[in-house]
1. Is there any pair with a first residue in segment 91-102 that is crowded, with 17+ Cβ neighbours inside 10 Å and a second that is basic (Lys, Arg) whose Cβ atoms are under 6 Å apart and which are 6 or more apart or on different chains, and what are they?
2. Hey, can you tell me all the residues within segment 95-117 that are among the hydrophobic types (A, V, I, L, M, F, W, C), in contact with a Phe, Trp or Tyr (Cβ under 9 Å, 6 or more places away or on another chain) and in a loop (DSSP other than H, G, I, E, B)?
3. Yes or no: residue 86 modelled with pLDDT under 95, within 23 Å of residue 137 (Cα to Cα) and not aliphatic (A, V, I, L, M)?
4. Among the listed residues 84, 146, which satisfies the condition of being in contact (Cβ under 8 Å) with a residue 40 or more places away in the chain and touching a Gly at 6+ places or on another chain (Cβ under 7 Å)?
5. Got a number for residues in segment 105-117 being surrounded by fewer than 19 Cβ atoms within 10 Å (Cβ to Cβ) and hydroxyl-bearing (Ser, Thr, Tyr)?
6. Step by step: first the residues of segment 118-154, then only those that are part of a strand (DSSP E or B) and among the hydrophobic types (A, V, I, L, M, F, W, C), then the one that is surrounded by the most Cβ atoms within 10 Å (Cβ to Cβ). Which residue is that?
7. Looking at segment 75-90 only, could you name the residues that are open to solvent by 20 Å² or more (accessible area, probe 1.4 Å) and among the hydroxyl-bearing types (Ser, Thr, Tyr)?
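The values are calculated or read from the model by the stated rules, or taken from the named source; none is laboratory data. All of these numbers come straight from a predicted model, not from anything done at the bench. Because the Cβ atoms are built from the backbone with ideal geometry, glycine has one as well, and the counts that use them run over all protein chains shown. We work out accessible area using only protein heavy atoms, side chains counted, and drop any ligands, DNA or RNA first. Shrake-Rupley method; radii C 1.70, N 1.55, O 1.52, S 1.80 Å.
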Amino acid sequence: MSAPPTPRRAVLVTAATAALVAGCGDDGGDTPAATASPAPTAPGTPPDPADSASASAPAAGELARTADIPSGGGKIFKERKVVVTQPQDGEFKAFSAVCTHQGCVVATVEDGTINCACHGSRFRVADGSVARGPATRPLPAEQITVTGDSIRLA
């Protein structure tokens, strides 16, 4: 009687584990560890802007530059779960980007509201209050500091 065939998933897991272990092993040599670097470009090819920091990119510790936040609108920072708005020229506010209805991260800032795509709740950019449900509670305020053209979470 022959052994049953090995399921494909088991073969893939075993192969992936072997590759991971081989990649993590110490060869005992003096070869320096590999470091990430931008891919080389062909001569005469301009570098990809995504490979370098742009002049308007926030500095370390900054959330954004004031020029990044449109007047009457805002910008969502999903990784930080915060939305920064500029209700009027030079006035900056910040709110949690987590919708108070069912915890989705808001998706857009348009026409003076912060909008959740999950169930359609809308919040005012000026104070985070509910402009349209189903949410019944405003977005909680977040503390920011604005120094010059730098916006930081407090």
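1. 97/81; 98/81; 100/137
2. 97, 99, 106, 116
3. Criteria not met by residue 86.
4. 84
5. Summing the residues that are surrounded by fewer than 19 Cβ atoms within 10 Å (Cβ to Cβ) and hydroxyl-bearing (Ser, Thr, Tyr) in segment 105-117 gives 1.
6. Here the answer is 123.
7. Selection gives nothing.
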